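Have a look at the structure below, then the notes.
The values are calculated or read from the model by the stated rules, or taken from the named source; none is laboratory data. Predicted model, so just to flag it, every value in this text is computed and none were measured. Cβ coordinates were reconstructed from backbone atoms using ideal geometry, including for glycine residues, and neighbour counts include every protein chain displayed.
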Amino acid sequence: MTTTAGGARGATPTGASAPPVLVDRVTRRFGDVTALDDVSLRVDAGEIVGLLGPNGAGKTTLLSLLSGLRRPDAGTVRLFGGDPRDPASRTRLGTTPQETGLPETLRVGEVVDFVAGHYATPMPRAEVLARFGLEDLAGRQTGGLSGGQRRRLAVALSLVGRPRLVLLDEPTTGLDVEARHVLWESLRDYHRDGATVIVTSHYLEEIEALAERVVVVGGGRVLADDRIDRVLDLVALRRVTLTLPGDATHARAALAALPGVHDVVDAVPASGGTRLTLLAADADAAVRALVASGLAFHALEVRGASLEEAFLALTARGATGAPASAPTTSVPTTSVPTTEVPR
């Protein structure tokens with residue numbers, strides 16, 4: 001269970017020993033934009049992993065590589081030990097992208113039957129519909145479904161083939177609160193049957209409801225890989241922003257030493273001085289100490305830290321030797337015959 005930025009050398013498991021997902025030192029670019037930057041990831045059988053990060057972080061790009069829709073510019077991607085671009089490697093894969101097209105004139109039950117026809121031992125229609133609360137919609141044309149109902153159907157279709165690995169990209173987009181909870185419970189129930197699930201989201205609530213392990217990505221890089229309880233503790237950080245007159249970069253050490261301050265993450269020139277950003281575990285204590293310090297500041301703002309800021313703080317703390325994340329195992333590089341991916 002590992003996410004690392006660099007990967008390690010060794011033999012890749014094959015056959016029955018191969019994990020559902022093995023990504024080794026993968027880079028993917030779109031023109032001048034690097035969507036994934038030397039990313040490695042291993043997900044073992046039976047895990048439920050949340051990919052968390054802001055829009056544009058690289059989550060969807062990573063899933064597109066795992067599902068064989070794209071190829072990396074560098075590095076290797078393995079699905080159950082095989083190349084995801086090989087249809088044989090995808091027989092145990094179910095996926096729901098951010099947007100799913102459905103034939104508008106077919107009824108819900110007919111769409112389920114159509115997808116089921118592509119598998120040797122599909123999940124029965126009644127079970128698929130029941131898992132996602134779609135029984136009453138079986139006779140309705142998909143063109144007449146609401147956005148939330150279409151989304152539930154799209155996720156349900158990813159399970160028709162009884163996949164051992166399920167990739168879900170922002171699965172609750174467009175769902176109301178009740179439908180979201182129905183979907184979460186359906187996925188938890190399917191996971192309890194032994195499936196591996198990877199779900200992306202930029203909503204902490206969704207990852208909290210589903211995941212046991214969280215991989216945070218931002219700017220195409222892995223920012224953190226940790227247990228969900230540590231993730232929740234970290235995101236409680238607050239962002240405190242203030243302006244000091246003149247070139248106040250010298251004040252960073254004094255600000256970092258204030259009670260409740262976790263780190264000083266930014267200092268940039270601004271109108272009237274230097275704009276500094278602090279991450280604080282206790283923003284109230286930090287502001288009280290700031291006032292008592294006698295520093296001449298203005299334009300004070302306090303808000304929730306972004307996920308990327310919070311997890312950058314976590315990785316920075318880990319680099320200094322303080323506990324930052326759960327122990328991990330290095331991701332090996334493949335040594336079995338494989339087609340080289342052009343860089």
Worksheet item: Hey, does segment 96-116 have a residue that's buried (at least 21 other Cβ atoms within 10 Å of the Cβ), closer than 23 Å to Gln149 by Cα and touching a residue at least 60 places away in the same chain (Cβ under 8 Å)?
Response: yes
Discussion item. On the basis of being farther than 23 Å from Val231 by Cα and in a loop (DSSP other than H, G, I, E, B), does Pro163 make the cut?
Written reply: yes
Discussion item. I'm trying to understand the selection: among the residues of segment 184-209, which are crowded, with 20+ Cβ neighbours inside 10 Å and at pLDDT below 90?
Written reply: Ser201, Glu206, Ile207, Ala209
Fill in: Filtered residue count, segment 70-109, keeping only those that are closer than 15 Å to Ile198 by Cβ, out of contact with any Gly (no Cβ under 7 Å at 6 or more places or on another chain) and not in a strand (DSSP E or B)
4
Worksheet item: Residue check, Asp247 against (1) within 26 Å of Leu276 (Cβ to Cβ); (2) out of contact with any Asp or Glu (no Cβ under 6 Å at 6 or more places or on another chain); (3) touching a residue at least 40 places away in the same chain (Cβ under 8 Å), all met but one. Which one?
Response: (3)
Worksheet item: What are the pairs, 6+ residues apart or on separate chains, where a residue within segment 226-244 that is more than 17 Å from Glu206 (Cβ to Cβ) has its Cβ under 8 Å from a residue that is charged (D, E, K, R) and at pLDDT below 80?
Response: Leu237/Glu309; Arg239/Glu309
Item to complete: Please state which one of Ala130, Ala156 is out of contact with any Phe, Trp or Tyr (no Cβ under 7 Å at 6 or more places or on another chain) and either part of a helix (DSSP H, G or I) or not assigned by TED's automatic domain parsing to the domain that holds Leu22 (or both).
Response: Ala130
Worksheet item: Hey, any hits in segment 177-191 for a residue that's under 18 Å from Val21 (Cβ atoms) and either aromatic (Phe, Trp, Tyr) or assigned to a strand (DSSP E or B) (or both)?
Response: yes
Item to complete: Could you please find all residues in segment 237-288 being farther than 20 Å from Arg303 by Cα and among the polar types (S, T, N, Q)?
Response: Thr249, Ser271
Worksheet item: Looking at segment 192-218, which of its residues are assigned to a loop (DSSP other than H, G, I, E, B) and either aliphatic (A, V, I, L, M) or within 23 Å of Arg90 (Cα to Cα) (or both)?
Response: Asp193, Gly194, Ala195, Ala211
Worksheet item: Any chance segment 202-215 includes a residue that's in the same structural domain as Gly82 (by TED's automatic domain parsing) and within 22 Å of Pro84 (Cα to Cα)?
Response: yes
Practice prompt. Could you list, in sequence order, all residues of segment 19-49 that are surrounded by 23 or more Cβ atoms within 10 Å (Cβ to Cβ), touching an Asp or Glu at 6+ places or on another chain (Cβ under 8 Å) and either of a type in the set (Asp, Glu) or assigned to a loop (DSSP other than H, G, I, E, B) (or both)?
Written response: Pro20
